[in-house]
Amino acid sequence: TCLAFFADGKTLAAGGTEGLRLFDVESGRERGWVPTLSLRSLAVSGDGAFLAATAEHGPAVYLWPTEGLQAR
């Protein structure tokens, strides 16, 4: 339901109903994943070290270090 590219253009973050996923743009392969609630918005820090998101329900803002997201 939401997308954000990393500043280098090599990674795409995609938030949906099942979780947050990171994809390698060139190969299309999944690089990382974390289960979440349905996400409404997504942003990547300028250095690509963190992802911030808001959920569809509730006022919370989630923050993840991108290094900790593991491929499934």
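The values are calculated or read from the model by the stated rules, or taken from the named source; none is laboratory data. Only a predicted model underlies this, so the values are computations on that prediction, with no experimental measurement involved. Here Cβ is always computed from backbone atoms with ideal geometry, including for glycine, and neighbour counts include all displayed protein chains. The protein model used for the area step is the full one, side chains on, heavy atoms only, and it has no ligands, DNA or RNA in it. Shrake-Rupley method; radii C 1.70, N 1.55, O 1.52, S 1.80 Å.
Summary table below
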item: Other-chain or far-sequence residues with amide H under 5 Å of R40's (modelled H); result: T54, A55, E56
item: Relative contact order (%) - criterion: Cα under 8 Å, at least six apart; region: the chain; result: 25
item: Gain upon complete extension [D24, A60; 0.36 nm per residue less C-alpha separation]; result: 10.2 nm
item: Peptides 55-61, 43-49 ordered by average Cβ neighbours within 10 Å, highest first; result: 43-49, 55-61
item: Residue with peak Gaussian network fluctuation, the chain [Cα springs, cutoff 10 Å], from R29, R21, R40; result: R29
item: Rounded percent of accessible protein surface that carbon and sulfur make up, the chain, 1.4 Å probe; result: 56
